[in-house]
Amino acid sequence: MSGKLRVVVLGMVGRMPLAGMAWQALHYLEGLRRLGWDVYYVEDTGDWPYDPERNTITDDCRYAVDYLARVMGWGGLGDRWAYRAPAPDSRTFGLSESRLAAVWASADALINLCGATVLRDEHLRVPVRVYLETDPVLRQIEVAEGCRRTIRQLGAHTHLFTYGANLGAPDCPVPLGPFRYHATRPPVILDWWPAGSSAGGARRRPLRFTTVSTWRQSGKDVTWHGETFLWSKHGEFLKLLELPRRTGQALELALAGNNAEATGLLTAGGWSVVHALRLSKEIVSYRDYIRGSRGEFTVAKDQYVRLKTGWFSDRSVCYLAAGRPVVLQETGFSKFLPTGKGLFAFRTLDEILGAFEAINADYDGNARAARDIAQSYFAAERVVAGLLERAGHRG
């Protein structure tokens, strides 16, 4: 690998071994590889993994390790990944301990994807250390409230990047404190998401708009200036329970977890509900689900909406890349991305109805526009190259 710069992506694919997390990491890894970098994936979060077979957090990391081996092998990195089990186990899988130490000693840059890893001594010796925040708001509020742990965690990096494209703008009240954030976008490898019929699917146009989501999430609500901003999406979906009956458009949610109450509410309103875990265990079945959809309809987290963060979903980018139009709740992203064909931002019910009407009146044109947006704004080579350049590397 003489002459190539070496980069390590730190992630949490084994900790949360589901397709959405895997695709997110794979798009960065492949984008870096195509730019000519010597690429490695390392997982060292210190947290025990989730086992979807048993639906529990476990101190047995066998499922996580096997999953990582499959995913990284699919991505052409079968001999370039490592998973370090949490203490007291602390075993390393994938790369040997000596090989992993050599990778860290020679690394030119690291990308701490999702900010999931607290950097240690071997990480701090890497000259360029990128904190890549996919979920803005919580950390900024913690810094504003003087949380020393978060301040130390962020301060250990040389560059901070965020999916919150509107952070720092006058209409976005999220406090930035002493840190400077660079806006970035979720990357996608376009040839991994070919537009057209899903693999093995019917040639006719698919009927349902879909999305993959967790109904209720807790633990990351924030209170700022006396107002509470929710992490969970369920409140936004509840406002739209009757949407299928209003529009006539078939809508489906793939929901994670045991959501009997949510399923009852949604189906009573005309939604179709399927189990997200069944399609999210493997990356190909997840991709087939997206490619077999007519498009994506989804809400955003209350935090992103009311605070106007400009956040945009990496899952929505996959829909766009597959030539599937996206109707997404406005977070301020329309300041930075073209909307009105292929991609629609909504605040009101009337705007949702208008988006479906426009898409169904010219589905093929909107499908092409969706793919064009993915190519122009989210192509991995372009997104990753821009990130590296702002971090001081041109590859």
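The values are calculated or read from the model by the stated rules, or taken from the named source; none is laboratory data. For clarity, every value in this text was computed on a predicted model and none was experimentally measured. Because the Cβ atoms are built from the backbone with ideal geometry, glycine has one as well, and the counts that use them run over all protein chains shown. With ligands, DNA and RNA removed, areas are computed over all heavy atoms of the protein, side chains included. Shrake-Rupley method; radii C 1.70, N 1.55, O 1.52, S 1.80 Å.
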Would you confirm, using the coordinates I've provided, whether Glu53 is under 26 Å from Glu122 (Cα atoms) and either open to solvent by 20 Å² or more (accessible area, probe 1.4 Å) or part of a helix (DSSP H, G or I) (or both)? no
Which helices (runs of 4 or more DSSP H) does the range 259-377 wholly contain that include 3 or more residues that are among the small types (Gly, Ala, Ser) and more than 17 Å from the chain's Cα centre (by Cα)? 260-268, 349-361, 363-373
Does the range 96-108 include one or more residues that are at pLDDT 95 or above, of a type in the set (Asp, Glu) and crowded, with 20+ Cβ neighbours inside 10 Å? no
Testing Val299 on (1) free of Cβ contacts under 8 Å to residues at least 40 places away in the same chain; (2) closer than 22 Å to Glu351 by Cα, one condition comes back false. Which one is that? (1)
Quick one: is Thr211 at pLDDT 95 or above, among the polar types (S, T, N, Q) and over 23 Å from Asp288 (Cα atoms)? no
With the requirement that a residue be charged (D, E, K, R) and at pLDDT below 95, what does the range 254-286 give you? Glu261, Arg278, Lys281
Take the residues in the range 320-373 that are hydroxyl-bearing (Ser, Thr, Tyr) and under 19 Å from Pro244 (Cβ atoms), then tell me which one is most open to solvent (accessible area, probe 1.4 Å). Thr348
Counting only residues that are part of a helix (DSSP H, G or I) and open to solvent by 10 Å² or more (accessible area, probe 1.4 Å), which one in the range 4-29 is farthest from Arg278 (Cα to Cα)? Gln24
Exactly one condition in (1) touching an Asp or Glu at 6+ places or on another chain (Cβ under 6 Å); (2) open to solvent by less than 10 Å² (accessible area, probe 1.4 Å) is false for Lys308; which is it? (2)
Residues that are touching a strand residue (DSSP E or B) at 6+ places or on another chain (Cβ under 7 Å), touching a residue at least 12 places away in the same chain (Cβ under 8 Å) and open to solvent by 30 Å² or more (accessible area, probe 1.4 Å): which helices (runs of 4 or more DSSP H) entirely in the range 112-191 hold 1 or more of them? 138-144
List the pairs whose first member sits in the range 243-269 and is farther than 23 Å from Ile359 by Cβ and in contact (Cβ under 8 Å) with a residue 24 or more places away in the chain, whose second member is open to solvent by 20 Å² or more (accessible area, probe 1.4 Å) and among the polar types (S, T, N, Q), and whose Cβ atoms are under 9 Å apart, counting only residues at least 6 apart or on separate chains? Leu255/Thr214; Leu255/Thr263; Ala256/Thr214; Gly257/Asn55; Gly257/Thr214; Asn259/Thr214
Could you tell me which of the residues Gly196, Gly219 is part of a loop (DSSP other than H, G, I, E, B) and either acidic (Asp, Glu) or under 30 Å from Val130 (Cβ atoms) (or both)? Gly219
Number of the condition not met by Val39 [criteria: (1) surrounded by fewer than 19 Cβ atoms within 10 Å (Cβ to Cβ); (2) assigned to a strand (DSSP E or B)]: (1)
